[in-house]
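Q: Let me begin by handing over the structure; questions about it come next.
The values are calculated or read from the model by the stated rules, or taken from the named source; none is laboratory data. What you are looking at is a predicted structure, and each value in this text was computed from that prediction instead of being measured. Positions of Cβ are backbone-derived with ideal geometry, glycine not excepted, and every protein chain shown enters the neighbour counts.
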Amino acid sequence: MNELVSATRRLKDGDMEQHERVVIVANRTPATKTAGGLACGLLDALREKPSLWFGWSGELREDDSNSVQLSSIDSLTVAAIPLAREAHNRYYNGFANGVLWPAFHHRLDLMRFSETDYTGYLEVNRHMAEQLRPLLRPTDLLWVHDYHLLPFADMCRAQGLQQRMGFFLHIPFPVPSVAQAIPRIDELLDAMCAYDLLGFQTEDDRSAFVNLCRERRPQKPVPETGVYPIGVDPHTLRKEAELAPQVKLWPNESIQGILSVDRLDYTKGLPERFKAYAKLLEDSPELRGNVQLVQIAPPSRTDVPAYVDLRHQLTSLTGEILGRYAMLDWQPLIYVEQQYDRAALMPLYRQARVGLVTPLRDGMNLVAKEYVAAQDPADPGVLVLSRFAGAASQLDGALLVNPHDPGEVAEAMRVALSMPREERVARHRRMWAVLCASTIEGWRNRCLEDLRKVKQKGARPSVPFSVSELMRRSREAQDAEVEKAHS
Ligand code: ADQ
């Protein structure tokens, strides 16, 4: 008996068959070790209830046959599949992170489209749907995550799967004028509409999607949508933050600490942030020797050229700031590429007088919420937050800034560094209340409750576009290119 069949039997055993089970589908399974909001956020929400999490194991093979590996984390069963190297490269680096990620963050200048990557993206979605199918029960509730899997429900429907399927987009949705520049957006939009419910982080994202549907497919119904800002578990985070730190970041009490924590990504606004910090030091000489920025930013997606360029840009800016302002007994900036787990980060957040979170565009930004949760309510730090992070629509006690304006960000840092305790406490109290009213548990419950309520679409007899046809077209295009090169 092969591994897949026995795995399926085990999953179907016992009276669990009768009960609804939540099935998470995401690009990564939680065992994959990378800094990322999706894995961290969902794992917290799911480990306590029987659920299945299906996704890529992180393993690349020469082919993708014979594959599901099962493991468990508390009550969560993890079903992980390897992917073929070539297909993964097209799907992940090529279309998901070479087209959708930049375009959804309004960086059309960084978008690199190729027909082969698009076909690879569809093919991996189809393959994942095929691998998941034997693991499913009829009463399962599928909850699919993020831009890697826009056509996943459509691929499932094409295989006859009838379960309820909800989707949550962790990143922003582009405004229609930008979205229309994405090649094949109409096909993708049609495919997204195979979900029973589509969830977004903010009302801006939801209405951008609905407006695009109305513009591009005026004759067809707009699917059910909802706004579900992702949250954190503030009480657990606060407890983690109260533990003794691994490192005392600013042992010299005369130095006020500013902390930034990000995945190294061009959407996070790191070069702009470093320039704003340099402006602060330039315009406020009295702060030199008394302030220090610590930036923690482990590199991610290192196969994508834009990320390599970003890293070079940052190391160069770091060198400039150190060269210009450092003194023998004071470093203005510490830049760390090392990755830390969340429990280690929390006591670090608590030490910082300022949490500096200035993405150029961000779905939510959990670092902003973690920073607030970590603070000592009697003597909290101040959050300086980009108004283009989804979190800005909730955290009204932050100093909101335009991350593109170094003067404005520098001024907010100055205000934060000298803010009286009374005002810091009042601002923090408002944001703590928001965190408690919008937890990760509440987020999961609201998403799933709404999914249970929506009218189900069920299986469709045919797919709106044919993957095999697209693959044939792509092979023809490649052959033509080879022929041209040889002629
Ligand atoms: P990300 O772009 O990965 O997530 P973010 O929301 O900031 O960004 O989530 C990061 C998570 O990873 C946090 O829990 C944080 O602690 C951790 N993390 C970030 N940088 C880290 C570092 N340097 N070292 C260790 N851990 C780090 C995507 C979207 C976001 C959205 C989330 C969740 O881009 O907009 O908020 O999903 O929906």
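Q: Of the conditions (1) under 26 Å from PRO102 (Cβ atoms); (2) out of contact with any Leu (no Cβ under 9 Å at 6 or more places or on another chain), ARG350 fails just one. Which one is it?
A: Condition (1) is where ARG350 drops out.
Q: While we're here: Assuming ARG444 fulfils every condition listed in (1) outside any loop (DSSP other than H, G, I, E, B); (2) more than 30 Å from LEU122 (Cβ to Cβ) apart from one, which condition is it?
A: (2)
Q: Looking at segment 216-251, which of the residues that are closer than 28 Å to GLY199 by Cα and among the small types (Gly, Ala, Ser) is nearest to the ligand (Cβ to nearest atom)?
A: Step by step, filter segment 216-251, then rank; the result is GLY231.
Q: If you don't mind, there's one more thing I want to ask. On the basis of being buried (at least 24 other Cβ atoms within 10 Å of the Cβ), aromatic (Phe, Trp, Tyr) and more than 30 Å from GLU449 (Cα to Cα), does TYR91 make the cut? Spell out the reasoning first.
A: Numbers: buried (at least 24 other Cβ atoms within 10 Å of the Cβ): yes; aromatic (Phe, Trp, Tyr): yes; more than 30 Å from GLU449 (Cα to Cα): yes.
Spelling it out, TYR91 is indeed buried (at least 24 other Cβ atoms within 10 Å of the Cβ), aromatic (Phe, Trp, Tyr) and more than 30 Å from GLU449 (Cα to Cα).
Q: Which numbered condition in (1) over 30 Å from ARG107 (Cβ atoms); (2) outside any strand (DSSP E or B) is the only one that GLY257 fails?
A: With (1) over 30 Å from ARG107 (Cβ atoms); (2) outside any strand (DSSP E or B) applied to GLY257, the lone miss is (2).
Q: Taking THR225 as the residue in question, decide whether it is under 18 Å from VAL454 (Cα atoms) and touching a residue at least 12 places away in the same chain (Cβ under 8 Å).
A: Numbers: under 18 Å from VAL454 (Cα atoms): yes; touching a residue at least 12 places away in the same chain (Cβ under 8 Å): yes.
So THR225 fits the description; yes.
Q: Residue by residue through segment 128-151, note down the ones that are over 15 Å from LEU451 (Cβ atoms), away from the ligand (no atom under 16 Å from the Cβ) and touching a residue at least 40 places away in the same chain (Cβ under 8 Å).
A: Once the filter is applied, which keeps residues that are over 15 Å from LEU451 (Cβ atoms), away from the ligand (no atom under 16 Å from the Cβ) and touching a residue at least 40 places away in the same chain (Cβ under 8 Å), segment 128-151 yields MET128, GLN131, LEU132, PRO134, LEU135, LEU136, ARG137, PRO151.
Q: Also, quick follow-up: Only one of ARG301, ARG288, ARG263, ARG273 is within 16 Å of the ligand (Cβ to nearest atom), assigned by TED's automatic domain parsing to the domain that holds GLU337, basic (Lys, Arg) and under 16 Å from TYR325 (Cβ atoms). Can you tell me which? Full working, then the answer.
A: Numbers: ARG301 fails: under 16 Å from TYR325 (Cβ atoms); ARG288 fails: within 16 Å of the ligand (Cβ to nearest atom); ARG263 fails: under 16 Å from TYR325 (Cβ atoms).
Residue meeting the stated conditions: ARG273.
Q: Limited to segment 383-418, what total is found for residues that are more than 12 Å from ARG273 (Cα to Cα) and within 16 Å of the ligand (Cβ to nearest atom)?
A: 11
Q: Do you know which residues across segment 46-81 are part of a loop (DSSP other than H, G, I, E, B) and at pLDDT 90 or above?
A: Within segment 46-81, the subset part of a loop (DSSP other than H, G, I, E, B) is 47-50, 62-68, 74-75.
Result: VAL68, single match.
Q: Ok, one more. Does any residue of segment 58-73 turn out to be under 22 Å from VAL304 (Cβ atoms) and under 21 Å from the mean Cα position of the chain (by Cα)?
A: For segment 58-73, residues under 22 Å from VAL304 (Cβ atoms) and under 21 Å from the mean Cα position of the chain (by Cα): present.
Q: Got a sec? Which of TYR335, TYR371 is within 13 Å of the ligand (Cβ to nearest atom) and over 19 Å from the mean Cα position of the chain (by Cα)?
A: Working: TYR371 fails: over 19 Å from the mean Cα position of the chain (by Cα).
Every option except TYR335 fails the conditions.
Q: Collect the residues in segment 359-378 that are within 19 Å of PRO347 (Cα to Cα) and either outside the structural domain of LEU259 (by TED's automatic domain parsing) or assigned to a loop (DSSP other than H, G, I, E, B) (or both), keeping them in residue-number order. Give the derivation first.
A: Looking only at segment 359-378, we keep the residues that are within 19 Å of PRO347 (Cα to Cα), and these are 365-378.
ASN365, GLN375, ASP376, PRO377, ALA378 - these are the residues of segment 359-378 that are within 19 Å of PRO347 (Cα to Cα) and either outside the structural domain of LEU259 (by TED's automatic domain parsing) or assigned to a loop (DSSP other than H, G, I, E, B) (or both).
Q: Follow-up. Which one is nearest to LYS239 (Cα to Cα), of the residues in segment 338-358 that are part of a helix (DSSP H, G or I) and either charged (D, E, K, R) or more than 12 Å from the ligand (Cβ to nearest atom) (or both)? Full working, then the answer.
A: Our first condition is that a residue be part of a helix (DSSP H, G or I); within segment 338-358, this holds for 342-351.
So of that shortlist, the ones also either charged (D, E, K, R) or more than 12 Å from the ligand (Cβ to nearest atom) (or both) come out as 342, 347, 350-351.
Values: ARG342: 12, PRO347: 9, ARG350: 11, GLN351: 14 Å.
Per the stated criteria, the residue is PRO347.
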